[in-house]
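Q: Please see the structure below; I have some questions.
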Amino acid sequence: MEEPAQVKRCSKCGIEKTVAGFSSNKTEKDGLHGQCKECHAERYAKPENKKRKTEWLQQVREHPEFVGIPLLIISKVLSLN
């Protein structure tokens, strides 16, 4: 007998989807992102998020020692200098 597919509701669009529709996130209780893959992709396709990514890549190019550190922390460290 097969187990029923687990479902989760997306925090953005509110649609219930199978867990395959969500990316993994170890920091969450259930191990999945709150937003489905489609909403997550839509969020990061916005121009302001592309700008943030471009800024982050520029910081990494200038300071390779910061690879893997979030931009917010990098910005705080650089502003202290």
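Readers should treat all values here as calculations from the given coordinates under stated rules, not as data from a laboratory. Predicted, not measured: the structure shown is a model, and the values here were computed from it. Ideal geometry is used to build each Cβ from the backbone, glycine not excepted, and the neighbour counts take in all protein chains shown.
A quick yes/no check of all residues on (1) among the small types (Gly, Ala, Ser); (2) in contact with a Leu (Cβ under 8 Å, 6 or more places away or on another chain); (3) farther than 21 Å from residue 70 by Cβ:
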position	(1), (2), (3)
22	no, yes, yes
29	no, no, yes
35	no, no, no
45	yes, no, no
49	no, no, no
57	no, no, no
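Q: For the range 21-54, what are the residues that are exposed (fewer than 13 other Cβ atoms within 10 Å of the Cβ) and outside any loop (DSSP other than H, G, I, E, B)?
A: Answer for the range 21-54, where residues must be exposed (fewer than 13 other Cβ atoms within 10 Å of the Cβ) and outside any loop (DSSP other than H, G, I, E, B): 24, 41, 43, 44, 47, 48, 49, 50, 51, 53, 54.
Q: Here are some conditions: (1) of a type outside the set (Ser, Thr, Tyr); (2) farther than 20 Å from residue 79 by Cβ; (3) surrounded by 11 or more Cβ atoms within 10 Å (Cβ to Cβ). Residue 59 meets all but one. Which one does it not meet?
A: Unmet condition: (2).
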